[in-house]
1. Using a 10 Å cut-off around each Cβ, can you sort HIS166, HIS21 from fewest to most neighbouring Cβ atoms?
2. What number, in percent, do you get for the relative contact order of the range 43-187 if the mean sequence gap of Cα pairs under 8 Å and at least 6 apart is divided by its residue count?
3. Let me know the shape class of the chain, please: from the alpha-carbon gyration tensor, a ≥ b ≥ c as square roots of the eigenvalues, rounded when a/c is under 1.5, otherwise prolate if a/b is greater than b/c, or oblate.
4. Taking the simple approach of a point 7 Å from Cα along Cα-to-Cβ for both TYR117 and GLN86, what is their distance in nm?
5. Could you pull out the trypsin sites (Lys or Arg not before Pro) across the range 1-110 that fall in loop regions by DSSP (anything but H, G, I, E, B) with no more than 15 other Cβ atoms inside 10 Å?
6. Which far-off residues, 5 or more places away or on another chain, put their amide H under 5 Å from the one on VAL119, with H placed in the peptide plane?
7. Using the number of other C-beta atoms within 10 angstrom as an exposure proxy, rank THR26, THR16, THR155 with the fewest first.
8. Taking the number of other C-beta atoms within 10 Å as the exposure measure, put TYR98, TYR138 in order starting with the fewest.
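The numbers here are math on the coordinates, done by the rules we state, and not lab data. Everything numeric in this text was worked out from a predicted model, so none of it was measured. Ideal geometry is used to build each Cβ from the backbone, glycine not excepted, and the neighbour counts take in all protein chains shown.
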Amino acid sequence: MTARNASAVPGHFNLTARILHWLMATMILSMLFLGAGMVSSLEHRPWMIDLHRPLGIAILMLAIVRLANRLRHRPPPLPSDLPRWQVLAAHASHWLLYALMLAMPLLGWGLLSAGGYPVTLCAGVQLPSIAPVDPTWYAVLRGAHGLLAWLLFATVLLHLAAALVHAWIRRDGVFPSMARGSGNQRR
Ligand code: HEM
Ligand code: HEM
């Protein structure tokens, strides 16, 4: 492997980024399966939807904190010998993941608002409506929520595959920079 870029740049993601990454990865994967469960089982739909709403809104809040942290703290550079198309693909997919982390909860909140349903997080805590009550809006937002869920799932699978190539094949320090942090320098 070629030498890592200059020492002034970080060799790993900061602690906040790493905690939020793994916490949110677990939450988002749970949401994808909860969503799929909700639309395929009438019996389990009520408790699943009761969990889906607050978990989704928590993802929205954490995504805002994470984005702010990402914009304030420079991430470690990718290995200098990584082909240009892979660097572009990594950056594009990371920004797509950020966009979907914000868009998915907003669409979920919007579709319930457009359907005229209350967006209850827990007993006594209800969010305001963010879309006009309108069957056309409901259908569009519901369709977009379902479609983007597939895009999110596909992007996460590609992201997982890329992470494992770095961890097991290239062994270039990209995986430890998100997994363990301090002391792991990218090569
Ligand atoms: C990262 C956040 C989220 C993810 C990954 C996610 C994922 C999903 C998925 C996979 C489905 C099934 C889609 C389908 O096959 O049609 C779904 C449905 C649904 N989601 Fe979400 N969701 C998120 C956030 C939210 C939020 C914040 C709300 C509401 C406050 C919400 C409300 C709903 C509702 C009501 C449905 C059922 C729609 C229907 O009846 O077809 N979602 N979600
Ligand atoms: C829902 C699941 C996941 C989401 C939404 C997600 C999202 C992201 C995002 C947005 C970044 C870019 C960080 C930044 O620039 O601020 C990132 C980096 C990273 N993720 Fe994930 N991730 C997920 C799951 C995973 C899994 C399961 C693994 C490994 C098994 C993984 C490994 C990594 C690694 C190694 C990096 C650093 C990549 C780099 O330095 O360019 N991620 N992830």
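1. Values: HIS166 22, HIS21 14.
Ordered by Cβ neighbours within 10 Å, fewest first: HIS21, HIS166.
2. Working: 121 pairs, mean separation 31.0, N = 145.
Result for the range 43-187 is 21 percent.
3. Details: a/c = 2.47, a/b = 2.23, b/c = 1.11.
Taking the square roots of the gyration eigenvalues as a ≥ b ≥ c, the chain is prolate.
4. 4.3
5. Details: sites: ARG4, ARG18, ARG66, ARG70, ARG72, ARG84; in loops: ARG4.
Qualifying residues, ordered by number: none.
6. Residues meeting the amide H criterion: LEU127.
7. Ascending Cβ contact count within 10 Å gives the list THR26, THR16, THR155.
8. Working: TYR98 14, TYR138 20.
Starting with the residue having the fewest Cβ neighbours, the order is TYR98, TYR138.
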